[in-house]
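**Q** Please read through the structure below; I'll follow up with questions.
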Amino acid sequence: MEISESQIIEKCQKGDLADFGLLYDRYIKKIYNYIYWRISDKDTAEDLTSQTFFKALEKINTYHFNKGSFSSWLYRIARNNVIDHYRQQRPTSDIERAWGISANDNLEQELSDRQELTRVEQYLERLSPEQKDVVMMRLWDELSYQEIAEIMGKSEASCKMMFSRVAGRLRQDLAVIMMLALLAGNFPN
Amino acid sequence: MDQRIQTILNDLYQIDQDFKQYEKQLVKIIDRLIKVRPDTEFDEEFKNRLRQELLAKIEELSANKKIKKTASWLALSFNKLAYAGLGAIIVIIIALPTFFWSQSQMSGSNGLSLEFDAKVGINSLANQAFGSLVATPSQEILADGRGAGDGSGLATNYIGIPEIVGYKFVYTGDNFTIDDAEMNVFKRIKTSANASMIANLISRLKFDLIDLSKLSNPKMQSLGLMEDRDYGYLVTIDFQENNVSVSQNYTQGETAVSRCAAGERCIDQPLSIDDVSNDSDLISQANDFVNKYAIDLSPYGQPQVEDSWRQFYETDSSNVPDIINVIYPLLIDNKTVLDESGNLFGMRVGINIRENKVIGLWNHSTNNYQASRYPVEQNVSRLLEIATTGNAGNHALPGGTSEKVLEAEIGTPEIGLVKIYRFNDNTKENEELIIPALVFPVTKIPENTSYFQKNLVVPLIKEILDRYEQTTSSLPKDLPQVKPIPATPAMMTN
């Protein structure tokens, strides 16, 4: 018999944690990916993913249905872990890098077009950390505006506004777009 | 255009219609932004490892919660007993029944009870959630069931090097198909919550011999209770394996040996077929026993008398065993579970024919499972090839070996479940898996064979079949010639 996510959460909140594994199966890869894309290190991403799920398990009683989806709650724990990681490991200014695209050697080697990645990175570096976060959540994590808003603790409208600002810069930076398109090899004349 | 890109464009158009004039360029840039998304190196091994760690944490949290609930009233009971000056042993004798009584009283009101339930519970997980079912190449996970000597207790007893015999199976059944591309694999979940809870209670008792409170993270391994009467039973609750067994308390009451001394039939006098009750009487005897001790029969199908001993009896009429088992076959998902040799798997009740008495009950376990779907082999030709060459149960001889090969016949298979074990490198434990399999009835056993399995089991999980083929292809092609040594039938526990 299928059991809904809210039923699982209710059971867990009543102390019956047996079905927590179902939540784990549903979100493990998404949360890991979310963290990896902001850390770009497999071991660290695994550590932070573990911390995220252990926190979720221990604090599931603090989740309230009326304050957003469980998914957003889980992403928020992951996001906080990533921010804490940067605070502990690097100077404050580097926290911003959590929301950029890392260009470490491992990542570059795994991408077929290093130049293109560099260009994309350079372009995204011109955005604010929050704008980059919105872009990544929308394009890479494939989250809805509502989810992004719940994770960031902002309104849906302000997240849309942030995206619109990025879009505005896309228009202004058409030269960059052209360059990227040329790199892709099929920009129309 | 990719639906995802279209959605993102629509978002932009909602904000500013002017974006439409740049649509082609925007499509390209969004597409590139999506495509540079790096591969995250997601690791199934990590997923399984973290799952195990979370499971352990869940058990710990569950145990702690129960301990907190029981701590107050237990502390009161124990203190009173201690102050009364009674010895530690008496404390145990009184505290444990009190604990269990209290648990049963409380279970009706707030659900506080030991989680030792035989009822089948299944939680469905995502596909292939258990990771690889063949974690290490050395694992013996394929269905096994040699013609003789397969650990059944009824096999041939070899002296020295056994004769090397291979088996081939001739398929005489109908055409069949495998309709599903994926089927459920079940993994048994054991809890250590009870072990922690009981151990924490016990460690609060004061012993002069040792201070149990000094133990770090104590866990109760097993608990034994004895009926203090003639012909009573010993009940063992295994908290690690999550099962219960009952055996005869031989220390009290007359035994066959003492009766023999008193002039009754001695234990070395062979039984005849007339001493064996008919199946329905044996089943009634077993049922009376399980009813008396309120054994939960809900996870099991109709009981059956295990009659493989009759194969030996047909070749030698003195082969009547002292003990005959009634088996209550485990049902999961309405399917009967078999062991790797094709025998019914489930709870066993042993009946001593000589004494006309139930001697015990084994393999009565908790039945909590996780279910996850795995790809199955739908290629019937491949399945029949594996079955008929004798490869499914390591029946075949390695290529080039010129020892004896015997032929058996198998009929149309049914889809059933078979219990296998997978060694978990992280926990260093054998995990119990129930996998789908084709169950071919053996319709004709090889000539001059005293004992042979009733079913041939061929796993349906692709990964297991693939691993099997890798394993068999790595066997040596030429084995040294071994001179057969005459075999002697085993004694039937007489």
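The values are calculated or read from the model by the stated rules, or taken from the named source; none is laboratory data. This one's a predicted model, so the numbers in the text were calculated from it and none came from an experiment. Cβ placement follows ideal geometry from the backbone for every residue including glycine, while neighbour counts extend to all protein chains displayed. Side chains included, ligands, DNA and RNA excluded: accessible areas come from the protein's heavy atoms. Shrake-Rupley method; radii C 1.70, N 1.55, O 1.52, S 1.80 Å.
**Q** When only the heavy atoms of the protein chains count and the probe is 1.4 Å, how do B:415, A:39 rank by accessible area, highest first?
**A** B:415, A:39
**Q** As an exercise, identify the trypsin sites (Lys or Arg not before Pro) in the stretch A:9-92 lying in DSSP coil whose Cβ has no more than 14 other Cβ atoms within 10 Å. Before the final figure, lay out each step's value.
**A** On the way: sites: A:11, A:14, A:26, A:29, A:30, A:38, A:42, A:55, A:59, A:67, A:76, A:79, A:87; in loops: A:14, A:59.
Sites meeting the loop and neighbour criteria: A:14, A:59.
**Q** Distance check, please: which entries in A:14/A:154; B:168/B:404; A:14/B:57; A:11/A:42 exceed 21 angstrom between their Cα atoms?
**A** Result: A:14/A:154; A:11/A:42 exceed 21 Å.
**Q** About its Cα centre, what dipole magnitude does the stretch A:1-99 give when the only charges are +1 on Lys and Arg Cβ and -1 on Asp and Glu Cβ, stated in debye to the nearest 20?
**A** 320
**Q** Related question: Lysines within cross-link reach of residue B:335: Cα-Cα under 27 Å, excluding same-chain residues under 8 positions apart?
**A** B:119, B:187, B:190, B:419, B:444, B:454, B:462
**Q** Can you spot the lysines whose alpha carbon is less than 25 Å from residue B:24's alpha carbon? Ignore those fewer than 8 places along the same chain.
**A** A:132, A:160, B:35
**Q** If contacts are Cα pairs under 8 angstrom and at least 6 residues apart, what is the relative contact order of the stretch A:1-99 in percent? It would help to have the intermediate numbers written out before the result.
**A** Working: 65 pairs, mean separation 25.7, N = 99.
About 26 percent, as a whole number.
**Q** Let me ask something else. Where does each of B:432, B:463, A:142 land when they are ordered by accessible area, with a 1.4 Å probe and the largest first?
**A** Highest to lowest solvent-accessible surface, that is A:142, B:463, B:432.
**Q** Enter the mean projected area of the convex hull around the alpha-carbon atoms of the stretch A:1-99, in nm², rounded to one decimal.
**A** 6.7
**Q** May I pose another question? Go through B:332, B:276, B:313 and say which Cα lies farthest out towards the positive end of the charge dipole of the stretch B:262-365; charges sit on Cβ, +1 for Lys and Arg, -1 for Asp and Glu.
**A** B:332
**Q** Partner chain Cβ atoms within 10 Å, averaged over the residues of A:20-26 - can you pull that number for me?
**A** Numbers: counts 5, 10, 6, 0, 8, 10, 2.
Mean number of neighbouring Cβ atoms from other chains: 6.
**Q** Considering amide H positions built from the backbone, and no H for Pro or chain starts, which residues 5 or more places from residue B:182, or on another chain, come under 5 Å of its amide H?
**A** Sorted by chain and number, the residues that satisfy this are B:376.
**Q** Using a 10 Å cut-off around each Cβ of peptide B:7-14, what is the average number of partner chain Cβ atoms that fall inside?
**A** On the way: counts 3, 4, 1, 0, 6, 8, 1, 2.
Mean number of neighbouring Cβ atoms from other chains: 3.
**Q** Return the sequence-ordered ³J(HN,Hα) values of the stretch B:345-352 in whole Hz as given by the Karplus equation 6.51 cos²θ - 1.76 cosθ + 1.60 applied to θ = phi - 60°, using x for Gly and Pro.
**A** 10, x, 7, 10, 10, x, 10, 7
**Q** What's the center-to-center distance, using Cα atoms, between the stretch B:411-452 and the stretch B:175-240 in Å?
**A** Here the two parts' Cα centres lie 26 Å apart.
**Q** Turning to a different aspect of this structure: Tabulate in residue order the Karplus-calculated ³J(HN,Hα) for the stretch B:273-284, using 6.51 cos²θ - 1.76 cosθ + 1.60 with θ = phi - 60°, rounded to whole Hz; enter x for Gly and Pro.
**A** 4, 5, 6, 8, 5, 6, 4, 5, 5, 5, 5, 4
**Q** Sequence-distant or interchain residues sharing an amide H contact under 5 Å with residue B:424, placed H: which?
**A** Placed amide hydrogens put B:429, B:430, B:431 under 5 Å from residue B:424.
**Q** Assigning unit charges at the beta carbon (Lys, Arg +1; Asp, Glu -1) and nothing else, what dipole magnitude in debye, to the nearest 20, does the stretch B:270-349 show about its Cα centre?
**A** Using Cβ point charges on Lys, Arg, Asp and Glu, the stretch B:270-349 gives about 280 debye.
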